[in-house]
Amino acid sequence: MSKLRFGVLGAWRGEAFAKLIPKNNSADAEIVAICDTMPERIERAKKEFDLPDTVKYVETYDELLDCDIDVVVLCNFFHEHAKCAIKALERNISVVSDTTAAPTLGECVALCEAAEKSKGKYILAANCPFLYGPMELEKLYNDGSFGRVLYAEGEYFHPTDPNVAGFDNAKHWRKYLPRTYYNMHDMGTLMSITGTMPKKVNAKAIFAPDNITDKLENSGDIASVILTEMDNGAIFRTTSCAGFIPMSKWYRMVCEKGTMETGRTDINEVTYSYADWTKPEDKELTKTYDACPPYIIERIRTAGHGNADKLMMYYIIDCLKGKKEPFFDVYRSVALSAAGILAWRSVLEDGKEFIIPDFKNKDERKAVENDYLTPFPDFENGKDATLPCSSKPYTRPTDE
């Protein structure tokens, strides 16, 4: 098979993909086009991305899709990925989506239908499963000695320094993001480690309008606490993207015969423990160790997301070339999105439990195909949001 021809939408986060694909996968893939609506980002890409002179730079998504590409990497606004993915799939162009698959249940359905009709593939670019700690947890879990997972925890803390200039675009998606929606790094990672799917969800938000660690501007919430029942009966507790200190990711798996977790301050550190009567002969009762190979430890300090971006792209290209099937295909990806969407409905209804549709089931899809409730305003078409993005009434303070 010839080289995969990639186009990248969004030259901010897209910079990582634009540099990784030709550098580490040059025999299999190449960048042929970069798209961004902001001319200054296009100019920066031309100067700093170190790409061949043949790369095209365009300012509209339609132009990008016309660039004879096999794959588009979506690094645009968080809540606009589904409509862009659908447009590409309709042209049989494969899609790599950098964040959530869809912001509404209706778009989850439409995305599944587009993927089913397309010759292109859909893959969610979930990078945290490629961090060394989570990869080790998956290896331990799959060796079978711990038994079935009964309870798991995933925390994603991402505070924002209030003294650092933030996103000054009033239309930026982060200004309208409910705390449950960005669940790829916690729930997504637990799904990948265990191979399970979310079935029911309920949640609460932590309303802290005076917090200084993270501001969503149109919301007074600092975090959410989500309980999800998985298809194997386990209960997972996750935070989605929380504004708590310190910035960190942490995962814990409580299984029938023991427990395993990553380090609280070091994602690559792993600890596992058995009971005296459950320990296999070839394992220690309790062990703490660095899951990162010694020759990688210094290198990951400067590698994208702890080297996870690089490992993820090798995996994605193998999937696109048909060497393996992606874990986050369209069905798992929209289930993950729906878990965040319905967790927010739960927050707004005081913790009520919601059933997550099985998007392979066309009857269950039909029940939500016209559900386009959203916390994100449609500025392009002058439409207001149809859901609040804060769990309680909140008015953003002014400088006056």
Filtering segment 1-28 down to residues that are small (Gly, Ala, Ser), within 23 Å of the chain's Cα centre (by Cα) and closer than 24 Å to Arg91 by Cα yields Gly7, Gly10, Ala11, Gly14, Ala18
Looking only at segment 252-277, count how many residues are of a type in the set (Ser, Thr, Tyr), closer than 13 Å to Leu140 by Cα and under 23 Å from the mean Cα position of the chain (by Cα). 1
Count of segment 225-236 residues which are open to solvent by 40 Å² or more (accessible area, probe 1.4 Å) and in a strand (DSSP E or B): 4
Of all residues in segment 255-287 being under 23 Å from Asn127 (Cα atoms), open to solvent by less than 70 Å² (accessible area, probe 1.4 Å) and not in a strand (DSSP E or B), which is modelled with the highest pLDDT? Gly263
Can you spot a residue in segment 135-143 that is open to solvent by less than 10 Å² (accessible area, probe 1.4 Å), within 19 Å of the chain's Cα centre (by Cα) and within 27 Å of Asn268 (Cα to Cα)? yes
If you check Ala45 against the conditions, is it aliphatic (A, V, I, L, M) and either part of a loop (DSSP other than H, G, I, E, B) or closer than 30 Å to Gly340 by Cβ (or both)? no
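Matching residues to (1) part of a loop (DSSP other than H, G, I, E, B); (2) buried (at least 21 other Cβ atoms within 10 Å of the Cβ); (3) at negative phi:
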| residue | (1), (2), (3) |
| --- | --- |
| Ile21 | no, yes, yes |
| Ala27 | yes, no, yes |
| Glu30 | no, no, yes |
| Thr37 | yes, no, yes |
| Arg41 | no, no, yes |
| Leu51 | yes, no, yes |
| Arg91 | yes, no, yes |
Do the conditions hold for Met135, that is, is it in contact (Cβ under 8 Å) with a residue 40 or more places away in the chain and in contact with a Phe, Trp or Tyr (Cβ under 9 Å, 6 or more places away or on another chain)? no
Since Cys75 meets every condition but one in (1) more than 26 Å from Lys171 (Cβ to Cβ); (2) modelled with pLDDT of 95 or more, which condition does it not meet? (1)
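The values are calculated or read from the model by the stated rules, or taken from the named source; none is laboratory data. Here the structure is a predicted model, which is why all the values come from computation and not from measurement. All Cβ positions, even for glycine, are placed from backbone atoms using ideal geometry, and neighbour counts span all protein chains on display. Note: areas computed on protein heavy atoms with side chains; ligands, DNA, RNA excluded. Shrake-Rupley method; radii C 1.70, N 1.55, O 1.52, S 1.80 Å.
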